[in-house]
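Asker: Structure provided below as structure tokens; questions to follow.
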Amino acid sequence: MSRTFYLLVALSVFGSSCVYENEESLYPRLAECDTVSVTFSGSISPILVDNCLLCHSNEKADISGSGIRLEGYSNVVIMQDAIRNSINHNASYSPMPKDAPKLKDCQIRQFEIWVDSGSPDN
Ligand code: HEC
């Protein structure tokens with residue numbers, strides 16, 4: 001047996017383990033993500049309360065949030081496009097949450113689902 005043969009066997013064994021990973025094991029957080037019952041009060045508001053109102057509440061906005069208010073439905077609706085770009089870290093927007101890790105994939109997905117469904121006040 002040549003060295004090349006062993007190399008090919010090794011490649012086919014180790015190479016195949018990557019190919020058969022399914023989506024669930026590659027993206028466990030998205031697989032567990034509730035993308036069906038997304039609401040403003042149950043999904044979106046808690047994300048903003050936990051990650052954004054530290055700086056963007058009505059009280060704090062002028063001190064640490066550059067005057068941008070993200071407290072309550074009407075403020076969030078006005079800012080929805082900028083929020084979507086900021087939490088996705090899209091070019092030409094300030095990445096948010098500021099000085100903190102990016103939101104979880106599921107949280108970003110839920111925000112997008114809420115916007116794409118017409119940003120209902122539910
Ligand atoms: C530590 C304070 C802080 C936190 C936490 C924070 N922000 Fe900000 N945010 C700011 C500041 C300050 C600015 C002004 C721009 C800058 O300094 O980057 C800003 C700007 C923004 C903008 C405007 C960005 C643009 O380029 O137009 C949006 C939208 C925004 N924040 C959304 C959010 C969202 C959504 C969260 C939570 C996921 C969040 N922020 C968390 C401080 C914060």
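Asker: Do we have any residue at all in segment 2-12 that's in a helix (DSSP H, G or I) and at pLDDT 95 or above?
Answerer: No, there is no match, as no residue in segment 2-12 is in a helix (DSSP H, G or I) and at pLDDT 95 or above.
Asker: Considering each residue of segment 81-106, count those that are of a type in the set (Asp, Glu) and more than 9 Å from the ligand (Cβ to nearest atom), and give that number.
Answerer: 1
Asker: Could you figure out which of (1) hydrophobic (A, V, I, L, M, F, W, C); (2) in contact with a helix residue (DSSP H, G or I) (Cβ under 6 Å, 6 or more places away or on another chain); (3) more than 8 Å from the ligand (Cβ to nearest atom) isn't true of ILE78?
Answerer: With (1) hydrophobic (A, V, I, L, M, F, W, C); (2) in contact with a helix residue (DSSP H, G or I) (Cβ under 6 Å, 6 or more places away or on another chain); (3) more than 8 Å from the ligand (Cβ to nearest atom) applied to ILE78, the lone miss is (2).
Asker: Return the residue satisfying two criteria in turn: it lies in segment 73-98 and is under 20 Å from the mean Cα position of the chain (by Cα) and surrounded by fewer than 13 Cβ atoms within 10 Å (Cβ to Cβ), and of such residues it is farthest from ARG109 (Cα to Cα).
Answerer: Among those that are under 20 Å from the mean Cα position of the chain (by Cα) and surrounded by fewer than 13 Cβ atoms within 10 Å (Cβ to Cβ), it is SER92.
Asker: Between a first residue in segment 86-99 that is over 14 Å from CYS52 (Cβ atoms) and a second residue that is within 6 Å of the ligand (Cβ to nearest atom) and part of a loop (DSSP other than H, G, I, E, B), which pairs have beta carbons less than 7 Å apart while being 6 or more apart in sequence or on different chains?
Answerer: As it stands, the answer is none, since no pair meets every condition given.
Asker: Just checking, which of ARG29, ARG109 is within 16 Å of the chain's Cα centre (by Cα), more than 12 Å from the ligand (Cβ to nearest atom) and modelled with pLDDT under 95?
Answerer: Every option except ARG29 fails the conditions.
Asker: Can you work out which of the residues in segment 39-71 that are surrounded by 15 or more Cβ atoms within 10 Å (Cβ to Cβ) and among the small types (Gly, Ala, Ser) is nearest to the chain's Cα centre (by Cα)?
Answerer: Result: SER43.
The values are calculated or read from the model by the stated rules, or taken from the named source; none is laboratory data. Note that the structure is predicted; figures quoted are calculated from it, not measured. Please note: Cβ atoms are built from the backbone with ideal geometry, for glycine as well, and neighbour counts cover all protein chains shown.
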